[in-house]
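Since every read-out is calculated from the coordinates, none of them should be taken as a lab result. No experiment lies behind these values; they were computed from the predicted model shown. No Cβ is skipped: glycine too gets one built from the backbone with ideal geometry, and neighbour counts run over all protein chains shown.
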Amino acid sequence: MAVGKEIRTKVKSVQNTQKITRAMEMVAASKMRKAQDRMTASRPYAQKIRNVIHHLAQSHPEYKHSYMQDREVKRVGFIVVSSDRGLCGGLNANLFRTTLKSLKEWDAKGVGIDVCTIGSKGTSFFKRLGSNITAETSHLGDAPRINDMFGTIKVMLDAYDNGVIDRLYVVYNEFVSTMAQNPTIDQLLPIEAKEEKEYAHHWDYLYEPEAKEVITDLLTRYVESLVYQAVVENVACEQSARMVAMKAASDNAGDIIDELNLAYNKARQAAITQEISEIVSGAAAV
Amino acid sequence: MAMTMHVDVVSAEEEIFAGPATMLFAPGAMGDLGIMPRHAPLLTRIKPGEVRIVTEQGEEEIVLYVSGGMLEIQPEAVTILADTAQRADDIDEAAALEAKERAEKLLADQKDDIDYAAASAELAEAMAQLQAISRLRKKVGR
């Protein structure tokens, strides 16, 4: 009996899709756990270096670094951290929307914009947008290495040193929970020193070799660690967003399969009923 | 009891050591440093090499290898911000150039896209003209 062959084929194909989405969900779940671990592992460094900079801001350094001085904004730089792959719900779309809003605000003020992208989704988006992309890094994988980001960061830091850009921001998804990711824009440069109560006694570090070199090194590492943190956090967001999206996809596939099965059974039932009535009426005619 | 200071050794990717120590040796940029509690505040770069930490008990010595980084000393605490890899200006420079090149290449590709768009616009125009001509011909033919 060849009733509803199309429906059966359709069910098969949806089942195959469901298998894939389920597998992706499980893969994302296990990767997410690892990404979260990595995120937590990178926190102590960021915290420690923040402490050191905090101390530095409290001391009275003989040398004031340009990374800590606010200047008039004529051009801003953005480091946009996005994922390399899709199928992670609205994660990248939300991030780009937030970025665009901020870009428009700067644009309205007549401020120029440079963009650096980490992650291929951001690259293709800003390329389409026609933004000025000054550096690009992608395919960092699930366990990003800080070494792979130095290039992109250095391009932006150089631009800041040379006065091409006057502010530097990093855009990434902040990991709130498995269900919630928050597109965030953080200011990297100039480093915002928190207002602190002045210490009564004057003190300063001993610097070896020179204050300038040491402070430059320290602040460069600080910016790098913040970008690294952003990338790691974004990976955790990507995996959890993908897990949630794939779970929703699997559930939807299940619903579709149920509906199709119902339709198939109805069609089958209708065919049987029709056949019986045909036989009955045939018998009655005889 | 011997005086101790708090020592933290962290790298961007993980926490390496945290705990009290009575003494610490580190390869500073200007020469090796031996640090005891109540050292004057000091900020320096460290060279690739080994960091030795003498823990509270005094007998135990922990040896860590760091590939450079920063060392911050406060009277009661020492923080080592270890690098995950050896840093050299020329390597950084090369990486920066590479990132720049990738972006430039992308922008060049974008130009191709624009050319493609321009070409397709020209094509559409040409097709419209051809259509108009053929329509005119039909009219004339009639």
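Structure values in brief
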{"item": "Restricting the range A:61-162 to trypsin sites (Lys or Arg not before Pro) in coil, as DSSP defines it, with at most 14 other Cβ within 10 Å", "result": "A:Lys64, A:Arg71, A:Lys74, A:Arg85, A:Lys109"}
{"item": "Relative exposure of A:Ile256, A:Ile276, judged by other C-beta atoms within 10 Å (fewest first)", "result": "A:Ile276, A:Ile256"}
{"item": "GNM flexibility winner over chain A from A:Ala245, A:Ala29, A:Ala57 (Cα, springs under 10 Å)", "result": "A:Ala57"}
{"item": "Stretch gain in nm, segment A:Asp161-A:Ile20, where the contour uses 0.36 nm per residue and the Cα spacing is subtracted", "result": "45.9 nm"}
{"item": "Straight-distance crosslink candidates among lysines, where the alpha carbon sits under 19 Å from A:Lys104 and sequence neighbours closer than 8 are dropped", "result": "A:Lys74, A:Lys127"}
{"item": "Virtual spin-label span in nm between A:Ile272 and B:Phe17, 7 Å along Cα→Cβ", "result": "7.7"}
{"item": "Averaged over B:15-28, number of beta-carbon atoms from partner chains that fall within 10 Å", "result": "1"}
{"item": "Phi to ³J(HN,Hα) by Karplus 6.51 cos²θ - 1.76 cosθ + 1.60 over the range A:8-24, Hz, x for Gly, Pro", "result": "5, 4, 4, 4, 4, 5, 5, 4, 4, 4, 4, 4, 5, 5, 5, 4, 5"}
{"item": "Backbone HN-Hα couplings from phi across the range A:128-134 [Karplus 6.51/-1.76/1.60, Hz, Gly and Pro as x]", "result": "4, 6, x, 6, 7, 8, 9"}
{"item": "DSSP-loop GluC sites (Glu not before Pro) across the range A:1-64, with at most 12 other Cβ within 10 angstrom", "result": "A:Glu62"}
{"item": "Packing-based exposure ordering (other Cβ within 10 Å, fewest first) of A:His54, A:His139", "result": "A:His139, A:His54"}
{"item": "Cα-based shape type of the range A:93-183, given that a ≥ b ≥ c are square roots of the gyration tensor eigenvalues and the cut on a/c is 1.5", "result": "oblate"}
{"item": "Sparsely packed chymotrypsin sites (Phe, Trp or Tyr not before Pro) within the range A:12-88, loop by DSSP, other Cβ within 10 Å at most 13", "result": "A:Tyr63"}
{"item": "Per-q log10 I(q)/I(0), chain A, q = 0.07, 0.09, 0.16 Å⁻¹ (Debye; single scatterer per alpha-carbon; no solvent)", "result": "-0.40, -0.57, -1.22"}
{"item": "Table column - 3J(HN,Hα) (Hz), the range A:163-173, Karplus curve with 6.51, -1.76, 1.60, x for Gly and Pro", "result": "x, 6, 10, 10, 8, 10, 10, 10, 10, 7, 8"}
